[in-house]
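Encoded as structure tokens, the structure appears first; notes follow it.
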Amino acid sequence: MNVQAAYKPQKPTLIDIPISNNGGRCRFIMRKKKLMDKIDIESPKVYGGMKTDEYLALNPQGLIPALVFPDGQALWESDVIASYLNDKYSDEGASFELHSPEDRANDLLARRMIDSYICPIQGCMYKDMDIAERADKLKRLAFQLNVLSSIIKGPYVSGNDMGLADAALFPTLTFCNVMLPEVFGWKQAFTGSKLQAYWDFMQADADASQVIKEIEGGLTGWKESGRFEQKGIIEQVANKDYQWAY
């Protein structure tokens, strides 16, 4: 999509914020492929925010991330951007290519799990909603995390080689690892043994660890600003008529 806006990037630029788990998918690939000097990262504030006419001309969904180019073109949706980066820079840095149809199918399945079943309900951990809706979505989140655990082969999502699903999973798992124990009282976020082992494995990766720290920093900011109290989440969780921990 072409756009004429006040902000004109001089090179490909990822519009993103550090707390974004979806943006974290793209930032991880950028780090693994040594693209940090080839692709800039800017906040949506350069367009005045995500709901301005300038930004909506880039991404009609009004969400992050978006990848914008000096010629006015833009891509949005994190999986699309991740696939583009892997394709465009296939000869640079780490490879995200998998070698068998079975591994590629498993990788795609894990990405669909994140994008279709987990990300749409992750807001139950931090957004405004009534108590019954939050409790229901939290139960669904617990179920989906167990399903996700069942398809992880280890040590990476689809076996011994890293795929695009690895870029997709751990940023969202960072949200779960912080908020499920701290806000909702889970003993641990990942009850599936494969998911816990996978999380431990990815934490040991230097590039993944950097993205995790970026997201955790944003979550710490939420906690310090009183977000969970202001959204009524702490008060809701105190209501023992509903189940919060799984």
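The values are calculated or read from the model by the stated rules, or taken from the named source; none is laboratory data. Everything numeric here is computed off the predicted structure, so don't read it as measured data. All Cβ positions, even for glycine, are placed from backbone atoms using ideal geometry, and neighbour counts span all protein chains on display.
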Quiz item: Looking at Asp115, Asp166, which is the one that is buried (at least 23 other Cβ atoms within 10 Å of the Cβ) and under 28 Å from Trp222 (Cβ atoms)?
Solution: Asp166
Quiz item: Of the conditions (1) at positive phi; (2) modelled with pLDDT under 95; (3) not charged (D, E, K, R), Gly159 fails just one. Which one is it?
Solution: (2)
Quiz item: Does the stretch 66-85 include one or more residues that are surrounded by fewer than 16 Cβ atoms within 10 Å (Cβ to Cβ), under 14 Å from the mean Cα position of the chain (by Cα) and not polar (S, T, N, Q)?
Solution: yes
Quiz item: Would you say Leu108 is in contact (Cβ under 8 Å) with a residue 40 or more places away in the chain, farther than 17 Å from Gln144 by Cβ and not aromatic (Phe, Trp, Tyr)?
Solution: no
Quiz item: Just one of the numbered conditions (1) part of a helix (DSSP H, G or I); (2) more than 17 Å from the chain's Cα centre (by Cα) is not true of Ala208; which one?
Solution: (2)
Practice problem: Quick one: count up the residues across the stretch 211-235 that are free of Cβ contacts under 8 Å to residues at least 40 places away in the same chain and part of a helix (DSSP H, G or I). | Solution: 6
Quiz item: Can you find a residue in the stretch 17-36 that is surrounded by fewer than 16 Cβ atoms within 10 Å (Cβ to Cβ) and more than 27 Å from Met179 (Cα to Cα)?
Solution: yes
Quiz item: From the list Leu98, Leu75, Leu63, Leu58, which one is in contact with a Lys or Arg (Cβ under 8 Å, 6 or more places away or on another chain) and either in contact (Cβ under 8 Å) with a residue 40 or more places away in the chain or of a type outside the set (Val, Ile, Thr) (or both)?
Solution: Leu98
Practice problem: Could you list all residues from the stretch 103-139 that are of a type in the set (A, V, I, L, M, F, W, C) and more than 20 Å from the chain's Cα centre (by Cα)? | Solution: Ala105, Met129, Ile131, Ala132, Ala135
Exercise. Hand me the list of helices (runs of 4 or more DSSP H) wholly inside the stretch 58-150 holding 2 or more residues that are of a type in the set (D, E, K, R) and under 27 Å from Met30 (Cβ atoms).
Key: 78-88, 101-112
Quiz item: Between a first residue in the stretch 14-43 that is over 16 Å from Gly62 (Cβ atoms) and a second residue that is buried (at least 24 other Cβ atoms within 10 Å of the Cβ) and basic (Lys, Arg), which pairs have beta carbons less than 8 Å apart while being 6 or more apart in sequence or on different chains?
Solution: Leu14/Arg27; Ile41/Arg27
Quiz item: Just one of the numbered conditions (1) assigned to a loop (DSSP other than H, G, I, E, B); (2) in contact with a Lys or Arg (Cβ under 9 Å, 6 or more places away or on another chain); (3) under 15 Å from Pro65 (Cα atoms) is not true of Met50; which one?
Solution: (2)
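To keep it simple, each residue is scored yes or no on (1) surrounded by fewer than 19 Cβ atoms within 10 Å (Cβ to Cβ); (2) over 18 Å from Asn22 (Cβ atoms); (3) of a type in the set (Lys, Arg); (4) touching a Cys at 6+ places or on another chain (Cβ under 7 Å).
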site	(1), (2), (3), (4)
Phe175	no, no, no, no
Ala197	yes, yes, no, no
Phe228	no, yes, no, no
Tyr242	yes, yes, no, no
Ala245	yes, yes, no, no
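The rows are residues; the columns are (1) closer than 29 Å to Trp244 by Cα; (2) not aliphatic (A, V, I, L, M).
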site: Met50; (1), (2): no, no
site: Gln73; (1), (2): no, yes
site: Pro101; (1), (2): no, yes
site: Ile121; (1), (2): yes, no
site: Ala132; (1), (2): yes, no
Quiz prompt | Only one of Gly185, Gly217 that is small (Gly, Ala, Ser), within 17 Å of the chain's Cα centre (by Cα) and exposed (fewer than 14 other Cβ atoms within 10 Å of the Cβ) | solution = Gly217
